């Protein structure tokens, strides 16, 4: 044991009867030597104490008695929910080691009394989020308040690295380093495929040490399989059928976490579990991001104390908090990625030396294949990488206003500082000038934005925010997490409002009327009234209820996992069905093989189908839903140049569908350079303009750059008159200021994040090498079926608008008249029964439909 | 091209125009709802950058309508100005210049919910301002679509649009006129405005506006 590191940290470990791991000692030594770095170790292996005791060892030992030491360390956590637990963990050694340090919290939840206290004096270590840190930096006395800062720790850096919150943190770090060049920075990260990149981004432009904590943590991945599977997989359909088995698994374990991929799914599963086991009321709980803070706190506490048998949750419980009693983790539906699966697995056996176990519960037949593939990918340690965004201008624009509030800035100085942040290290002068002009008068041409200004240089050349109203609005909007306008859900009480339950998005509630029921916070609720951005509800007892759908991002299947799936299918095609999962799906794959073919590593399977809905093309590149969307738009656009045609596009993680109401000669077209990478960027951009994607992506950018303001809390109704949808803003910008760089950014982000252009290019190159296996099918195959019933669709058209309107109006006329086309509600009922395809309703000789055997479906509109 | 479509409402001939306005030949009156002048300016005053140009476009569209139809009177069915902040010098200057080009035109505004907050337009624009309803012939001209005991209501406020669905899961959302038995709605004329979806029903006919044409459903 070396003299330098021994003492404090070793002493504390010894008192607890713990033996430090080598990686912990390595971090202690590095911090003692003033080094920065990134520590990577699996969840629950003791990362927190590696850096925290290092910090205390170096900075806390000379704390004088009396008032606790002034601010010396910042602990950044990605989730508010983690802050309180982190603070408790940091507090633990302080008392036992007799160090005169105080621990404080600063998040969006911090009350005003505590804020005021911190306004006078900050604690020795402050636990906070990237957003709250930026907000602290806008204080006029920020530099003085942070004068004693010596060390900054970023917890769960992998969660921030790849998104704009991470960029916001990079900018804050650049400022803090400006003030404190010797600042020691450490990141803590879970498993990532590209750790050196994570290190570089965090410490840019400096360097540091990468410490890998190799703790042998036993990991078990298994899956819960149904006895039989349906041959026509329908996303989400198999799900609840697995209920009895899930109940049995939960029954056998003391405490379990049941992870779902969406909040709606969590609500449904919680309700189903309660229905199956009413005696579990009070023993099982629900946890997701839209529930009220108090509800979530109660659940988290119950988990820690081991009072709960099971918690149904979403990614809201992915991170951090130590729930030591958790024995089992169940993953409902696709894990989507290897890193995510490992992260969730780590929630069980969350202590050094204990076994982590995750059980996959497929929600449709194809996910059974994914379960097999995931086990393979984990065994081979194929873990996804995450890349930091490149110079997002919306975050920069927000930062400029923040820094103008923080006592003002001089452009030349600030540019130097901003370029210290990795994401802006190559920020072009032109973009910088544009961003300055944008916050000053909206754009480069003064005439384009009369009466507008957010930031203005004063006589001495210091850029400041002159309007208090603008300042207030900006402070309230800091951050890069974008959600739809959401409404608070509260119980209705005669004397006013009752307890708050959480929040739902405006779009969901717009579809409900008073008296309608919906499932929320694990309760069946009846809508009473909607008033002042609040939904008042009563308990309900009916059975039929809607489940809110939150517009959370739908994660794509990672390349690593997708490749593993294709390998499983390829093996199946060669007649090899290894493992229980693959043997189970054998009948499904045999139907796929008999009706069409199985995709494999060297072929590209395409299926062409003509139905009453129109002409379908199904294609299975297995590249994840984002790439499929890009690919589908590209194919639709290239096809549209050959003939005027309108497409409806559906994608999932396995493939894509293009559906046209008029005939398309797919067999003729597929061979002819449709997959070419020539002019790729041009063609993808063109397809983007023809569709709706950029418009949707603009929503986030508009909100971050301050174009859309989500409103003052409790504002009067008239405030609503000043809200407009980002879609409208997008149209106005496109029409009147088409050179606006935020529009460019929307495009770039769609290309990079939504369509994953690089992955799209690689996919195209791969597809060109593969042999096209084109099958004319007579009915939807097992692989096609989930696409056919996918409701969320994009559209792309090269027809003249007037022609499209004319055709649709004519179809309505026909539907209303005798013997015409009947709109069909997808093929769901027909295939769900696994019956032969429903036949076209037979017509009488005069062409009128027979009265009795009317096709089910919505009544045609007049 | 069907740039306008004549319909018969309360035994009166009305022309539904593809540019989201209504022409009443007998009165030589042009009716326009929800133009929301100064909306972009109001955002700019609040620190949200919105490019200018929407006012010019709206005025140019009015010019085109006035050139094509022999209107002596232009009636705004409410929401003429968007917000108090819409009384911006640049917006008002444009409106004044436009007014001077149409000095002989009689202008009438039925106050809408936005006008009540924004305040009446400057007197210099020479606009007669009425509270709803303004009775004219068989019609009650209003902003909000509340039924009138004796007259058929022509109103705006809702910004109606309809989603047209077709084979191959195609759909298109288009602004529309919504002609009912007691209340009929005009689409929002303003360039920088949103829409709300409506469906046809018994006693309610829709006329969609798209690509410079008008499409009866």
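The table for this structure:
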item: Set B:185, B:125: member being buried (at least 21 other Cβ atoms within 10 Å of the Cβ) and within 30 Å of residue B:42 (Cα to Cα); result: B:185
item: Segments classed as strands (runs of 3 or more DSSP E), wholly inside region A:582-666, with at least 1 members that are without any contact (Cβ under 8 Å) to a residue 60 or more places away in the chain and crowded, with 20+ Cβ neighbours inside 10 Å; result: A:614-620, A:656-660
item: Flag for residue A:8 being crowded, with 18+ Cβ neighbours inside 10 Å and within 37 Å of the chain's Cα centre (by Cα); result: no
item: Single condition residue B:73 does not satisfy, out of (1) crowded, with 17+ Cβ neighbours inside 10 Å; (2) farther than 13 Å from residue B:192 by Cα; (3) touching a strand residue (DSSP E or B) at 6+ places or on another chain (Cβ under 6 Å); result: (1)
item: Hey, residue A:61 under 30 Å from residue A:197 (Cα atoms) and in contact with a helix residue (DSSP H, G or I) (Cβ under 9 Å, 6 or more places away or on another chain) or not; result: no
item: Tally, over region B:5-36, of residues that are crowded, with 24+ Cβ neighbours inside 10 Å and within 14 Å of chain A (Cβ to nearest Cβ); result: 2
item: Unmet criterion (only one of (1) within 30 Å of residue B:48 (Cα to Cα); (2) assigned to a loop (DSSP other than H, G, I, E, B)) for residue A:386; result: (1)
item: Residues that are within 14 Å of chain A (Cβ to nearest Cβ) and in contact (Cβ under 8 Å) with a residue 40 or more places away in the chain, drawn from region B:51-79; result: B:54, B:55, B:57, B:58, B:61, B:78, B:79
item: Selection from region A:72-92 of residues that are surrounded by 21 or more Cβ atoms within 10 Å (Cβ to Cβ) and at pLDDT 90 or above; result: A:72, A:73, A:74, A:75, A:76, A:77, A:90
item: All positions within region A:407-448 that are modelled with pLDDT under 90 and assigned to a loop (DSSP other than H, G, I, E, B); result: A:407, A:442, A:443, A:444, A:445
item: Sole residue being touching a residue at least 24 places away in the same chain (Cβ under 8 Å), within 14 Å of chain B (Cβ to nearest Cβ), assigned to a helix (DSSP H, G or I) and within 34 Å of the chain's Cα centre (by Cα), chosen from A:398, A:376; result: A:398
item: The one condition in (1) more than 23 Å from residue B:130 (Cα to Cα); (2) within 14 Å of chain A (Cβ to nearest Cβ); (3) surrounded by fewer than 23 Cβ atoms within 10 Å (Cβ to Cβ) that residue B:92 fails to fulfil; result: (1)
item: Options A:669, A:636, A:650: the member that is touching a helix residue (DSSP H, G or I) at 6+ places or on another chain (Cβ under 9 Å), farther than 28 Å from residue A:369 by Cα and within 14 Å of chain B (Cβ to nearest Cβ); result: A:636
item: Contacts under 6 angstrom Cβ, first residue in region A:464-490 being within 14 Å of chain B (Cβ to nearest Cβ), partner surrounded by fewer than 18 Cβ atoms within 10 Å (Cβ to Cβ) and modelled with pLDDT of 75 or more, 6 or more apart; result: A:464/A:458; A:466/A:456
item: Qualifying residue in region B:135-153 (condition: within 13 Å of chain A (Cβ to nearest Cβ) and either within 12 Å of the chain's Cα centre (by Cα) or over 30 Å from residue A:811 (Cα atoms) (or both)); result: no
item: Single condition residue A:578 does not satisfy, out of (1) at pLDDT 85 or above; (2) crowded, with 18+ Cβ neighbours inside 10 Å; result: (2)
item: Residue selected from region B:191-210 under the condition within 12 Å of residue B:173 (Cα to Cα) and surrounded by 17 or more Cβ atoms within 10 Å (Cβ to Cβ), by the criterion farthest from the other protein chains (Cβ to nearest Cβ); result: B:198
item: Boolean, residue B:85 is free of Cβ contacts under 8 Å to residues at least 24 places away in the same chain and outside any loop (DSSP other than H, G, I, E, B); result: no
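The values are calculated or read from the model by the stated rules, or taken from the named source; none is laboratory data. Keep in mind that what you see is a predicted model, and the values were worked out from it rather than measured. In this analysis, Cβ positions are derived from the backbone assuming ideal geometry, glycine residues included, and neighbour counts consider all displayed protein chains.
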